[in-house]
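Have a look at the structure below before the remarks.
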Amino acid sequence: MRYPVMLIDRDKVLNNVRVIADMCGSAGIDVWGVTKGLAGDSRLAVLYSEGGFKGVADSRLRNLRKIQESGLAAPRQLMRIAMPSELEDVSCVCDVSLQSEPETVRRLDEICASAGLTREVLLMIDVGDLREGFWPRELPHASEYFAGLRGGVRIVGVAANFACASGLLPSRENLERLVSYRDMLQDSLDCELPVVSAGGTCCLKVVEEGNAPRQVNQLRVCEGALLGMDTAFDREIPYLERGAVTIVAEVVECKHKPSVPSGEIGMQSFGERPVFIDRGVRKRALLGIGRQDVNVDRIEPLRDDVHIVTASSDHLIVDVTDADSLRHHEGGYRPGDTIAFRPLYPAMLAAATSEYVDKIFFARLTQSDD
Ligand SMILES: *Cc1c(COP(=O)(O)O)cnc(C)c1O
């Protein structure tokens, strides 16, 4: 095996997908599996489909194209507001896209109609997270905005984000508002808009508690399925498995060194001024993984007796003094040993997009077969 590597436990992910799909299914909600957490890996898209998610969603067109090229039949949804320059590709790659600019919808309609295609659009509505989306006072003008579409685009519903830019949490109240905006749009456009879509993982809590309005019928989920975590509500999701994704790095140096540097201290390589606590001489392991590959503030060693000290672009330093005493082999940690970490969402994203980190999907019974 080459290191660093991100290991994805297929059984755990699949289990999470099934549990989420079943729970949401009982509430009348279709789940779309968000693949951006693993950079649109088509192996993840396959797991999502196997486990009962209705489609795959990603913020990057490039990721959706990879999934399209893999031949998977699941419908594809583009979640990031499309750049006007990529609409041609959107029309070829995406069955559904989230949109918030009338002009962009009209251009997409032109392109699709000219190519003899019909693509679905969900209108993004900003219910208060203040990232993308129509502002409610725009909605009564919808019939002007979308007059004269040529049938290249079919507006099928509304969508909203929670806890993306501002950390706004979903609630029965703001989801009901989303439904009421859908109703306003239906009146304005004089057509049925059957889809009410919410994202992401934080919405599971509202579903669990029975507080999702029955009109909400689509959820877009990533973090929960992969990590069993809900960052927005700051919780481990009790009915999901954590530990489906681990990052493993290899030790390249192991030495006893003081815990405080000697001499005048300036900025380290990432422009931060480190603070040191004198804990005496400690055994430090230097790992071949760095800030280029992961967000070091967002990984935690699986062993609680291994402690992260600091990192530079290509190295991560961990204190293994406590762990060493429990190791069986003579001398404790040494070069060639590996240390495993659990990534939080930002670290998983960074590792997923680092070409220096291999990604291996494995199944517990059959060993690694990818
Ligand atoms: C990333 C993303 C999601 C998934 O969010 P999680 O909290 O990771 O489940 C949903 N919707 C949009 C628009 C996103 O960008």
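The values are calculated or read from the model by the stated rules, or taken from the named source; none is laboratory data. In this text the structure is predicted, and so the values were computed from the model without any measurement. As a convention, Cβ positions derive from the backbone with ideal geometry for all residues, glycine included, and neighbour counts pool all protein chains shown. Accessible surface areas use protein heavy atoms only, side chains included; no ligands, DNA or RNA. Shrake-Rupley method; radii C 1.70, N 1.55, O 1.52, S 1.80 Å.
Residues being within 16 Å of the ligand (Cβ to nearest atom), modelled with pLDDT of 95 or more and part of a strand (DSSP E or B) are represented in segment 59-76 by at least one member. State whether one or more residues within segment 118-132 are among the hydroxyl-bearing types (Ser, Thr, Tyr), open to solvent by less than 10 Å² (accessible area, probe 1.4 Å) and either over 16 Å from ALA198 (Cα atoms) or in a loop (DSSP other than H, G, I, E, B) (or both). No: segment 118-132 contains no residue that is among the hydroxyl-bearing types (Ser, Thr, Tyr), open to solvent by less than 10 Å² (accessible area, probe 1.4 Å) and either over 16 Å from ALA198 (Cα atoms) or in a loop (DSSP other than H, G, I, E, B) (or both).
Contact map, segment 210-225: residues that are among the acidic types (Asp, Glu) paired with residues that are more than 6 Å from the ligand (Cβ to nearest atom), Cβ distance under 6 Å, separation 6+ or inter-chain. Pairs shown: GLU223/MET229; GLU223/TYR345.
Residues of segment 42-101 that are under 18 Å from the mean Cα position of the chain (by Cα) and β-branched (Val, Ile, Thr): VAL46, VAL56, ILE67, ILE81.
Which pairs turn up if I take residues in segment 284-311 that are without any contact (Cβ under 8 Å) to a residue 60 or more places away in the chain and assigned to a loop (DSSP other than H, G, I, E, B) and look for partners that are of a type in the set (S, T, N, Q) and open to solvent by 30 Å² or more (accessible area, probe 1.4 Å) with beta carbon separation below 6 Å, at least 6 apart in sequence or on another chain? These pairs meet every condition: GLY290/SER312; GLY290/SER313; ARG291/SER313.
Out of (1) part of a loop (DSSP other than H, G, I, E, B); (2) away from the ligand (no atom under 16 Å from the Cβ), the odd one out for ALA232 is which? Of the numbered conditions (1) part of a loop (DSSP other than H, G, I, E, B); (2) away from the ligand (no atom under 16 Å from the Cβ), the odd one out for ALA232 is (2). Name the single residue that is farthest from ASP41 (Cα to Cα) among those in segment 332-358 being open to solvent by 30 Å² or more (accessible area, probe 1.4 Å) and polar (S, T, N, Q). Out of the qualifying residues, it is THR338.
Contact map, segment 182-201: residues that are over 25 Å from ALA163 (Cβ atoms) and without any contact (Cβ under 8 Å) to a residue 24 or more places away in the chain paired with residues that are open to solvent by 30 Å² or more (accessible area, probe 1.4 Å) and of a type outside the set (D, E, K, R), Cβ distance under 8 Å, separation 6+ or inter-chain. Pairs shown: GLU192/GLN186. Just to be sure, is SER85 under 30 Å from GLY116 (Cα atoms), among the hydroxyl-bearing types (Ser, Thr, Tyr), surrounded by fewer than 19 Cβ atoms within 10 Å (Cβ to Cβ) and without any contact (Cβ under 8 Å) to a residue 12 or more places away in the chain? So SER85 passes the test. When LEU38, LEU78 are checked against the criterion of being touching a residue at least 60 places away in the same chain (Cβ under 8 Å), buried (at least 18 other Cβ atoms within 10 Å of the Cβ) and assigned by TED's automatic domain parsing to the domain that holds ALA225, a single residue qualifies: LEU38.
Can you pull out every residue in segment 310-320 that is farther than 11 Å from LEU287 by Cα, open to solvent by 30 Å² or more (accessible area, probe 1.4 Å) and modelled with pLDDT of 95 or more? Within segment 310-320, none qualify. For segment 148-155, the condition holds for at least one residue, the condition being that it is in a loop (DSSP other than H, G, I, E, B), more than 25 Å from LEU226 (Cβ to Cβ), assigned by TED's automatic domain parsing to the domain that holds LEU87 and modelled with pLDDT under 95. Applying the criterion of being open to solvent by 60 Å² or more (accessible area, probe 1.4 Å) and within 27 Å of the chain's Cα centre (by Cα) to the residues of segment 238-271, the residue that is farthest from ILE317 (Cα to Cα) is TYR239. Taken over segment 196-219, the criterion of being touching a helix residue (DSSP H, G or I) at 6+ places or on another chain (Cβ under 9 Å), more than 23 Å from ILE155 (Cβ to Cβ) and assigned to a helix (DSSP H, G or I) is satisfied by LEU204, VAL206, VAL207, GLU208. State whether the residues of segment 22-34 include one that is within 13 Å of the ligand (Cβ to nearest atom) and either surrounded by fewer than 19 Cβ atoms within 10 Å (Cβ to Cβ) or modelled with pLDDT under 95 (or both). No, the conditions are met nowhere in segment 22-34. Restricted to segment 220-229, and to residues that are assigned to a strand (DSSP E or B) and touching a helix residue (DSSP H, G or I) at 6+ places or on another chain (Cβ under 8 Å), which residue is surrounded by the fewest Cβ atoms within 10 Å (Cβ to Cβ)? By that ranking, first place goes to MET229. Exactly one residue out of PHE146, PHE162 is in contact (Cβ under 8 Å) with a residue 40 or more places away in the chain, within 16 Å of the ligand (Cβ to nearest atom) and open to solvent by less than 30 Å² (accessible area, probe 1.4 Å), and it is PHE162.
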